[in-house]
Structure formats: C-alpha cells, structure tokens
Amino acid sequence: MKRKNLQRIAMPLFAMVLTLGFTAGDRPAAFADHASDAKQSVEKAKLTFDTFAAAKDLESFRSLLKKAKGVFISPQVLRGAFVFGLSGGSGVLVTRDPKEASWNGPAFYTIGEAGFDFQAGGQASQVVTLAMTERGVNALLSPSVKLGADVGVAVGPVGAGAAAATANISADIVTYSLAKGLYGGVSLTGAVVAVRNEWNEAYYGKPGVSPTGILIREEVKNSHPAQLVQAVAKAASVIE
C-alpha cells in the first residue's frame, strides 16, 4: 500500500484515538483517576509555562504572548515512542476573555501525529503554542484539528533580537519548544490536537462538558488551576 494511502487511513484513526484519550475500560471506575491525572497535568503545565516565560532566549515568545488569544501548554510531547513514528502527549488550553481582560480554563487535550518516518529512539519535548487569532482559538475548540491543514501554524523565532521578527508572523498559531535543554521553534505541521473528553468531564465533574463550555460560556469552575491562569494572565499583560 502506498504511503499516501496509509496516511489517509491512519490520520482519522489516530484522531479518534486522541479524542478517546488513549483510555478504555469502565468509565465510572476510571473517573477519579482521570481527575487526578488532569490535576497533575495542570500543575506540570504551570511549571512548563513559567520556564518558557522566564527563558532568556524567548524574547519573541513574551512579545507574542501579550497579543495571544489562547495558550496551549504541553508539558511533555513524546516523539518516536510508538510504532510508525507516532508522537503524542497531553496538553491544556487557556484562553483570553476579551470582555473581562482575564483568562479562562483550562480545557484538556491530546496532541500527536501519525507519520510513517520511523524514529530511532524517543525524544521528549515541552511545547507551548500561542493562538494568535480567533481562527486559531476556534480551531482548537473543535473536537480535533490538524495543524497546518485546518489552521495555519508557524515556528516561533528564538534568540537575541528575535522579537523583531514577530512583526512578520501572520499565522494563526505559533509554536515553541524545549528539548534537551535547548529552546527552539518546533514545527507542529501535521500534528493532531484533539479534545480529551474524559479529563474535562472528570476535572469539572460534569459529563459532556466541552472546551467551548469551559473556555467561552464558562459553564463550569474549578479553583485548582488558579495559579496557572494567574501566571498566564500576568505574563500576557501589556502593563509593564
């Protein structure tokens, strides 16, 4: 079977796996575990965000953050960990509330890609993605989105003076990464971001709650993510 045919078959299947959150079994029995895992994910996301916000090489990240409408944080994205070069991880999304000049969230997701270039050995990266437009946020609110296909994505510039290059970035989504102690822009073209329904439901204690319900309509509340939301709000503030 040709490579393109394999990809056409694999991507829908992989998106379905991401949407299900890599879990199976008895839903009620797993509810507490999902809530605990989601809570840990928020705590790790806070540590990851603080690292990026303070990094000397990420002047452009801090500049773009002040204009961002959403921030997606993945404390660990694994590449080459599965057959056929699948990569994957979990992430949280927080979004700016333009009416109140505050931030809402988080909503929980999975991120990964199904490529057929075999990876020898695994690599773990921390990834922070900035949604710069309403189109970028709306894409992330959907059940699943393929970056680079359903929404425009660009690699964030890194290094001294890189902030000046942000004026020329027009993509909906801009990505940054940290791997092996080095910051860089990471291409997430082809990656699939999908809603992690069971974590959202367990974390907020409401079956069927959606990212739109969490981030836009504010149907649910959880006091636990306050530190993460406050950290993003402070770093994204235009007030020096």
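The values are calculated or read from the model by the stated rules, or taken from the named source; none is laboratory data. Only a predicted model underlies this, so the values are computations on that prediction, with no experimental measurement involved. Neighbour counts are summed over all protein chains in view; Cβ atoms, including those assigned to glycine, are modelled from backbone coordinates with ideal geometry.
Can you run down the residue pairs with Cβ atoms below 8 Å, 6 or more apart or on separate chains, where the first is in the stretch 97-109 and free of Cβ contacts under 8 Å to residues at least 60 places away in the same chain and within 15 Å of residue 236 (Cα to Cα) and the partner is in a loop (DSSP other than H, G, I, E, B) and among the polar types (S, T, N, Q)?
Close Cβ pairs satisfying both conditions: none exist.
Taking helices (runs of 4 or more DSSP H) that do not extend beyond the stretch 172-240, which have at least 1 residues that are over 25 Å from residue 52 (Cα atoms)? I'd like the intermediate steps shown before the answer.
Details: elements: 197-204, 211-215, 226-236.
Hits in the stretch 172-240: 197-204, 211-215.
Could you check the stretch 228-240 and list, in sequence order, the residues that are surrounded by 12 or more Cβ atoms within 10 Å (Cβ to Cβ) and in contact (Cβ under 8 Å) with a residue 12 or more places away in the chain?
Our first condition is that a residue be surrounded by 12 or more Cβ atoms within 10 Å (Cβ to Cβ); within the stretch 228-240, this holds for 228-233, 235-236.
Those that are surrounded by 12 or more Cβ atoms within 10 Å (Cβ to Cβ) and in contact (Cβ under 8 Å) with a residue 12 or more places away in the chain: 228, 229, 231, 232, 233, 235, 236.
Take the conditions under 19 Å from residue 63 (Cβ atoms) and modelled with pLDDT under 95 and apply them to residue 151. Does it pass?
Working: under 19 Å from residue 63 (Cβ atoms): no; modelled with pLDDT under 95: yes.
So residue 151 fails the test.
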